[in-house]
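For reference, the structure is listed below as structure tokens.
A short reminder: the numbers here are calculations on the coordinates, not readings from a lab. The structure presented is a predicted model; accordingly, all values stated were derived computationally and were not measured. Using ideal geometry, Cβ is built from the backbone for each residue, glycine included, and neighbour counts are taken over all protein chains shown.
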């Protein structure tokens, strides 16, 4: 972790405050392609490289973390290395609230990368409101069903609750919840 503190204010430690630029330059020199989220997000790639997006595919990476199962579900143009959005799905090992138990799947994050567009509107250069988030959510729900989960719980900000309501979720405690059949 590196903090954005000017070097003249530090006594010791990292003296390069542009570490990301330094690493990008080194990777370019060594012909290494970055696979981090920031470098692949659609808004950055399509704006900076002026390429046309191709076919968007849903991909799932499964891994173990903190004794639970994690699934990184992404919407990507694999050919052009572009990330349009992702959903972080978790089957937790321990249960810290009454809404979450062994039959519960938890969506920790759902994000679509694109210039912001108002609800109900469309923009030519935006991937908002084109079904990417809904597709990611449906894939997460199907993954949960495959593992015999009966309930999907979403950590949702106040502004996103209406979105989840339209997709069959209801407020339960601090979460948006949907029963899976």
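Please give, to one decimal in nm, the separation of the simple spin-label points placed at residue 7 and residue 80, each 7 Å out from Cα toward the Cβ.
Taking the simple label geometry, residue 7 and residue 80 are separated by 3.8 nm.
For 95, 72, 84, 8, which order do you get if you count the other beta carbons within 10 Å of each Cβ and list the fewest first? Walk me through the intermediate numbers first.
Details: 95 12, 72 15, 84 27, 8 5.
Ranking 95, 72, 84, 8 by Cβ neighbours within 10 Å, fewest first, gives 8, 95, 72, 84.
For a quick check: sort 22, 86 by the number of other beta carbons within 10 angstrom, fewest at the front. Could the numbers behind the result be given before it?
On the way: 22 11, 86 24.
Going from least to most buried by this count: 22, 86.
Please arrange 103, 15 by counting, for each residue, the other beta carbons lying within 10 Å of its beta carbon, fewest first. Before the final figure, lay out the partial values.
Values: 103 13, 15 7.
Fewest to most other Cβ atoms nearby, the residues stand as 15, 103.
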